[in-house]
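To start, the structure itself, in structure tokens.
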Amino acid sequence: MKKEDLQPLNLNEEQITAVLALSASELEKQQQTIQTLETTKSQLEQQLGKANETLQGYDPDWKAKAAQAQQNADNKIAALQQDFAIKEQTAALHFSSESAKKAFLADLTAKEFPLQEVKMLGFDDFVKQCKCSHSGCFWYTILK
């Protein structure tokens, strides 16, 4: 604010000086606040820079370990889903012996059929093929 800005308000010289003094005082307080904030900002930027440097040292290992842990978890979930699907879909089959059942399950697991919800795609065709080629393994061998 300038003296020329206050003159149109019909203030006397003493009043203009008082208003300018108040304005200067307020301006000084604001400048001090700005300076304090800029100093704080600078300090925080330095701390952030140091923290980022420290994290960069840990970051590659952390990302690799997290990715590996996620992959392991995904593999375990997939294996559990596969086991559940196998149990669900083979529950209705009647095998001639326990060894026939184990052989069938081993062959089925090795095929790694893709899952859709809780069902293995291609399971029915696999069972039909096994019933044709190994009919002695099943008590009930009528093809669907």
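General remarks:
- Residue check, Thr90 modelled with pLDDT under 90 and either more than 31 Å from the chain's Cα centre (by Cα) or loosely packed, with under 10 Cβ neighbours inside 10 Å (or both): yes
- Only one of the numbered conditions (1) surrounded by 11 or more Cβ atoms within 10 Å (Cβ to Cβ); (2) within 30 Å of Lys131 (Cβ to Cβ) is not met by Glu26, and that is (2).
- The range 125-144 - residue that is assigned to a helix (DSSP H, G or I) and surrounded by 15 or more Cβ atoms within 10 Å (Cβ to Cβ) and, of those, modelled with the lowest pLDDT: Cys137
- Subset of the range 8-34 (residues that are of a type in the set (Gly, Ala, Ser) and more than 54 Å from the chain's Cα centre (by Cα)): Ala18, Ala21
- Against the test of being part of a helix (DSSP H, G or I), surrounded by 10 or more Cβ atoms within 10 Å (Cβ to Cβ) and either on the phi > 0 side of the Ramachandran plot or touching a strand residue (DSSP E or B) at 6+ places or on another chain (Cβ under 8 Å) (or both), the options Gln71, Gln82 yield a single qualifying residue, Gln82.
- Of everything in the range 93-118 that is within 31 Å of the chain's Cα centre (by Cα) and assigned to a loop (DSSP other than H, G, I, E, B), the residue that is surrounded by the most Cβ atoms within 10 Å (Cβ to Cβ) is Phe113.
- Residue match in the range 39-58 (condition: closer than 30 Å to Glu112 by Cα and under 26 Å from the mean Cα position of the chain (by Cα)): no
The values are calculated or read from the model by the stated rules, or taken from the named source; none is laboratory data. Note that the structure is predicted; figures quoted are calculated from it, not measured. Using ideal geometry, Cβ is built from the backbone for each residue, glycine included, and neighbour counts are taken over all protein chains shown.
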